[in-house]
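Derivation of every value follows stated rules applied to the coordinates shown; laboratory data play no part. The shown structure was predicted, so the numbers you read here are calculated from the model rather than taken from an experiment. Neighbour counts are summed over all protein chains in view; Cβ atoms, including those assigned to glycine, are modelled from backbone coordinates with ideal geometry.
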Amino acid sequence: MTRLGALRGEGVSAGMRIGLFGGSFDPPHAGHRHVARTAMRRLGLDQVWWLVTPQNPLKGNPTGDFERRFAAVEAIANQPGMKVSDIETRLGTTRTVDLLHHLKRRYPATHFVWLMGADNLAGIHHWANWNRIFETVPVAVISRPQDAVRARLSRAARHYASSRLRESEAASLPLQSTPAWTYLTERLHSHSSTALRAHD
């Protein structure tokens, strides 16, 4: 695992396949690692960037201390090819669409894929300019036990139904023109940050 400087992009070369995994990670848990590892293996990614957000705009309570969360992500994202970034803090943004546009401009020859659990697909239509996320980079959704049905019936899934790739085609997702997305089913992890905080 390597800490990724927000604007330096160490180890990034043309043609690389990089998964972007954003979140408040408060706290990070085995379910998050499940998403990252599944995406890396099934999509043939060279790297996964864990993007620790300074604040989730959809959550009413402020997220926990950033440095604490960042250190916790560094501890759990310990597989080769995993990098942890504070780019949103450095850029001063919490909007995914703005971050994606920045990265696409910065690394035009890199194949980025947005990664998320099925719980996020179920509610992504509440995100700012959510359609532009699907129009900017391919999206990979990894199954989570509590939201599998809601995710498949979600507004985003219905809106982009014709752009969905079969699981058997998942390895080609990073090279697809947008919009393109896939839903990956794997052995499920039930861990959630909300449940973990409730037991603190």
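Restricting everything to alpha-carbon atoms, can you work out Rg to Rh for region 78-128 with a Kirkwood hydrodynamic radius? Dividing the radius of gyration by the Kirkwood radius yields 0.98. Cβ crowding within 10 Å ranks E186, E167 as E167, E186, fewest other Cβ atoms first. Exposure proxy shown here: for S177, S163, S13, S143, the number of other Cβ atoms within 10 Å sets the order, fewest to most, as S177, S13, S163, S143. A full extension of the chain between A71 and Q55 corresponds to an added length of 4.2 nm, given 0.36 nm per residue minus the alpha carbon distance.
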